Amino acid sequence: MRIILAILAAATLAAATGPALADSNDPRCGSIEPSQWMSIADISAKAEANGLTVRKIDRDNGCYDVKGIDAKGQRLEITMHPVSGEVIKTEIDD
């Protein structure tokens, strides 16, 4: 009986905390359905219009992470909103 109660308690705790742990999206991008995201080609074009030579694009934490090289030859990682393509954050990529 104790084993069953322990299993039920663990299952209840996991069910209650699971959604909170799974929601690791960047709050600046929100929890947007992937079907509403701009295509990778469109994000690439938007980044290139901002002067970046795109090397790699990933989807991470609900945002697009774009790695590339700017006009000065500096490696950058730019976080972009998945729907608007707005630049949210720019970091120098070592």
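The values are calculated or read from the model by the stated rules, or taken from the named source; none is laboratory data. A quick note: this is a predicted structure, and the numbers were derived from the prediction, not measured. Every residue, glycine as well, gets a Cβ built from its backbone with ideal geometry; the counts of neighbours run over all protein chains shown.
Going by the conditions given, is Ala41 assigned to a helix (DSSP H, G or I) and either under 12 Å from Met80 (Cβ atoms) or modelled with pLDDT under 95 (or both)? When the stated conditions are applied, Ala41 does not pass them. Lys89 passes every criterion in (1) farther than 22 Å from Glu33 by Cα; (2) outside any loop (DSSP other than H, G, I, E, B); (3) not small (Gly, Ala, Ser) apart from (1).
Scanning the range 49-67 for residues that are in a loop (DSSP other than H, G, I, E, B) and of a type in the set (Asp, Glu) turns up nothing. Among the conditions (1) modelled with pLDDT of 95 or more; (2) within 13 Å of the chain's Cα centre (by Cα), Ile69 misses just one, which is (2). Screening the range 38-78 for residues that are of a type in the set (A, V, I, L, M) and closer than 13 Å to Thr90 by Cα and picking the one that is surrounded by the fewest Cβ atoms within 10 Å (Cβ to Cβ) gives Ile69.
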